[in-house]
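**Q** Sharing a structure below in C-alpha cells format, with a few things to ask.
The values are calculated or read from the model by the stated rules, or taken from the named source; none is laboratory data. These figures come from a predicted structure and were not determined experimentally. Reconstructed Cβ throughout: ideal geometry from the backbone, glycine too, with neighbour counts over all protein chains shown. All accessible areas refer to the heavy atoms of the entire protein, side chains included, with ligands and DNA or RNA removed. Shrake-Rupley method; radii C 1.70, N 1.55, O 1.52, S 1.80 Å.
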Amino acid sequence: MTTDLLDEASVCSYRAAMHKAVDTLADHLGTVKKPYAGRSPQTLDAEVDSIDLDRPLNSTGAALTEIRDLYLENAVWFHSRGYAAHLNCPVLVPALAAEVLVSGVNSSLDTWDQSSVATLIERRLVRWTAERIGFGASADGLFTSGGTQSNLQGLLLARESALEKNDVPNCSRVENLARMRVLASDQAHFSVATSAHTLGLSPEAVIAVPSDREGRMRPDALTAELDAVRRRGDVVMAIVATAGTTDLGAIDPLKRCAEAANTAGTWLHVDAAYGCGLLNSRRRFLLDGIERADSVTIDFHKSFFQPISSSVLVVQNASTLRRIAHHADYLNPRQHSVPNQVDKSLQTTRRFDALKLWMSLRTLGAHELGRLFDEVIDLAHKVWEEFATDPELRFFDQPQMSTILLRYAPDGLDEQIVERLVAEVHADLFADGRALVAKTRIRGQAWLKLTLLNPNSQTTDVAMILEHVRAAGRARLGQQDSSCANSVPASSTGEFAGAAL
C-alpha cells in the first residue's frame with residue numbers, strides 16, 4: 001500500500017505536502033522583484049535536461065525545493081507590476097483556494113456520476129453569465145479550456161446551422177463546406193482562422209473585413225462583403241464580432257453586426273474573451289448588442305482575474321448545442337434522466353474550473369470584479385493623459401480598454417530605425433527581466449504593447465516600464481553595432497513600488 005495516493009490514510013501527508021507547497025510559493029512571492037529572471041532559453045534548457053527523471057528524490061519536500069530553483073526562480077510573474085505584456089492577469093486568492101479543492105477531489109465534468117453537484121454549480125454559473133450577457137431563459141453553455149476552444153465550438157455550431165439552412169441537393173457535405181464563409185474583422189483573434197481550418201473549410205473561408213482607425217469592424221465594409229459573398233453564390237456561415245481586440249481593445253459595433261447577421265440570416269458569434277469584464281463594469285454599455293448574438297466567448301481568466309483555465313461558451317438557444325451531441329452507451333446513453341454535460345462539449349474529461357469563479361463571486365461579488373476591471377481601464381487612460389506628449393515615445397492612439405501601443409521614436413528618427421528598435425527594445429527588456437512588454441504589428445507598423453491587467457498597479461509603475469523602454473532605446477541608438485547589446489543598461493535601475501503583491 002502506498003501513502004502517496006490521496007485517501008483517508010494519507011490525510012496527514014497530504015496536509016503536510018500542501019502546507020509545504022503553499023509555503024514554498026508564498027515565501028518565493030515575497031522575494032519577487034521583477035517579472036522575469038532574464039535567463040536565456042539555452043541556459044534553462046540545459047538545466048531542465050540535466051534532471052534525471054529516472055532517479056526520483058523520494059520526498060515531496062525535496063522535489064518542491066528542486067522545482068523552486070528550476071521553475072519558481074525562472075517563471076514569468078503576472079502579478080509583478082513590471083509585467084505589462086500579454087492578456088495575463090494576477091489572480092484572486094479565493095479562486096486559488098478553489099484550485100485546492102478542484103485538484104484534490106478531481107471531479108470530471110462530463111457525466112453526472114463523475115461530478116454530481118459540480119455539474120449543477122457549472123450550470124448555475126453558465127445561467128448567471130447568460131443573464132449578464134442579456135440572454136433569456138433558453139440560453140445554455142459550458143466551461144472550456146480558453147477562448148480558442150470557445151471560438152472553435154461557437155463556429156462549429158455556426159457551421160452545422162449553416163449546413164442545415166443551405167444544404168444544396170445532390171451536393172456532398174464537402175462541396176457544401178467549400179461554399180462556407182466566415183466574416184471577421186481584420187483585427188479578429190487568430191483562432192477564427194485556425195477554427196475555420198480545423199472545421200474543414202476552404203483556405204479562403206475567412207474574409208477579413210476592414211476595420212477603422214480604432215480597430216473596429218466597419219459596418220459599411222461588412223455590408224459590402226456580405227453582398228459580395230452572396231453574388232458569388234457562397235454562404236456566410238457566421239459573422240464574428242470582437243468585443244475587445246487583442247492589440248487595441250477595440251469593440252466592434254455589436255448592434256450593427258447583429259442587424260447585418262439578422263438581415264443575412266446568419267449566425268453571429270461574439271468573441272468577448274478580453275472585453276467580458278465589461279459585463280460587471282460601469283462601462284457595461286460598451287457591450288450593448290451582445291445580447292443579440294447566437295454565441296459568445298467569455299474568458300474569465302483574462303478580465304475576471306481567474307487562474308488559467310477558466311473560459312465559457314454561452315449560446316442564446318440551448319437547442320443549438322444538440323447539433324454536436326454524440327452518445328455512447330457506457331457514458332451518455334440517449335435515454336438518461338440526470339444532468340449530463342458531455343452531450344454539449346468538445347471535451348470528455350473536464351476539470352471543475354467553474355468552482356474558481358463560484359468562489360470569487362461568493363467572496364467578492366460581481367460588482368467588485370467589475371470595479372477591478374474598471375481600475376485597469378482607468379489606469380490606461382491615466383497613462384495616456386500623462387505620457388501622450390512624451391518627446392521620446394510615440395503612442396498609437398488613446399486606449400479603448402487597457403492596452404496601449406507605443407514606440408521609441410524621438411523626433412526626426414528614421415522610420416526604418418524606429419521599426420528595428422521595436423524588436424530590439426522588446427528583446428532587451430525580456431533579457432533584462434525588469435519590465436516585460438509585448439510587440440505586435442498594426443497597419444504595417446511594429447509597435448510595443450502594454451497590456452495593463454493589474455488593478456494594484458499605479459501610474460508610477462507604468463512610468464517605470466516606460467523609463468525602461470526609453471533606456472533601452474537610448475542604449476540601442478548609442479551603439480555602433482546594435483548586435484552588441486543584450487540588456488537594458490545598468491543606468492536603468494528603477495524598481496517597481498510593491499513589485500510583489
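**Q** Collect the residues in region 64-73 that are out of contact with any Ser or Thr (no Cβ under 9 Å at 6 or more places or on another chain), within 17 Å of residue 31 (Cβ to Cβ) and assigned to a helix (DSSP H, G or I), keeping them in residue-number order.
**A** Selection gives 69, 70, 73.
**Q** Next question, about the same structure. Restricting attention to region 408-433, report how many residues are open to solvent by less than 30 Å² (accessible area, probe 1.4 Å) and either within 17 Å of residue 463 (Cβ to Cβ) or in a helix (DSSP H, G or I) (or both).
**A** The number of residues fulfilling the criteria is 9.
**Q** Read through the list (1) within 28 Å of residue 311 (Cβ to Cβ); (2) open to solvent by less than 40 Å² (accessible area, probe 1.4 Å); (3) not in a helix (DSSP H, G or I), then give the number of the only condition that residue 390 fails.
**A** Unmet for residue 390, out of (1) within 28 Å of residue 311 (Cβ to Cβ); (2) open to solvent by less than 40 Å² (accessible area, probe 1.4 Å); (3) not in a helix (DSSP H, G or I): (1).
**Q** Before we move on, is residue 286 part of a loop (DSSP other than H, G, I, E, B), more than 18 Å from residue 164 (Cα to Cα), open to solvent by 10 Å² or more (accessible area, probe 1.4 Å) and not small (Gly, Ala, Ser)?
**A** No: the conditions fail for residue 286.
**Q** Sticking with this one: Take region 148-192 and flag every residue that is part of a loop (DSSP other than H, G, I, E, B), within 31 Å of the chain's Cα centre (by Cα) and among the polar types (S, T, N, Q).
**A** 187
**Q** Being surrounded by 13 or more Cβ atoms within 10 Å (Cβ to Cβ) and on the phi > 0 side of the Ramachandran plot is the filter here; which residues of region 164-200 pass it?
**A** 200, the sole residue that qualifies.
**Q** Considering only residues of region 227-243 that are open to solvent by 10 Å² or more (accessible area, probe 1.4 Å) and in a helix (DSSP H, G or I), which is farthest from residue 260 (Cα to Cα)?
**A** Per the criteria, the residue is 231.
**Q** Which residue pairs have Cβ atoms closer than 6 Å, lie 6 or more positions apart in sequence or on different chains, and pair a first residue in region 41-53 that is more than 15 Å from residue 63 (Cα to Cα) with a second residue that is not in a loop (DSSP other than H, G, I, E, B) and not charged (D, E, K, R)?
**A** What qualifies is 44/74.
**Q** Could I ask something else about it? For region 20-39, check the following and say yes or no: at least one residue is of a type in the set (A, V, I, L, M, F, W, C), touching a residue at least 40 places away in the same chain (Cβ under 8 Å), over 26 Å from residue 457 (Cβ atoms) and not in a helix (DSSP H, G or I).
**A** The answer is no; no qualifying residue exists.
**Q** Now a separate question. How many residues, within region 31-58, are of a type in the set (Ser, Thr, Tyr) and closer than 24 Å to residue 81 by Cα?
**A** Final tally of qualifying residues: 3.
**Q** Quickly run through region 435-446 and pick out the residues that are surrounded by fewer than 24 Cβ atoms within 10 Å (Cβ to Cβ), of a type outside the set (Val, Ile, Thr) and closer than 21 Å to residue 89 by Cα.
**A** Result: 438, 439.
**Q** Here's a follow-up. Considering only residues that are open to solvent by less than 20 Å² (accessible area, probe 1.4 Å) and either over 15 Å from residue 249 (Cα atoms) or part of a strand (DSSP E or B) (or both), which ones fall in region 261-278?
**A** 261, 266, 267, 268, 269, 270, 271, 272
**Q** Turning to a different aspect of this structure: Confirm whether residue 306 is surrounded by fewer than 16 Cβ atoms within 10 Å (Cβ to Cβ) and part of a loop (DSSP other than H, G, I, E, B).
**A** Answer is no for this residue.
**Q** Among the residues that make up region 451-462, is at least one of them more than 22 Å from residue 274 (Cβ to Cβ), open to solvent by 30 Å² or more (accessible area, probe 1.4 Å) and in contact with a strand residue (DSSP E or B) (Cβ under 7 Å, 6 or more places away or on another chain)?
**A** no
**Q** Ok, one more. Can you find even one residue in region 339-350 that is of a type in the set (Lys, Arg), over 21 Å from the mean Cα position of the chain (by Cα), part of a helix (DSSP H, G or I) and buried (at least 19 other Cβ atoms within 10 Å of the Cβ)?
**A** yes
**Q** Sticking with this one: For region 81-103, what are the residues that are open to solvent by less than 30 Å² (accessible area, probe 1.4 Å) and part of a helix (DSSP H, G or I)?
**A** 94, 95, 98, 102
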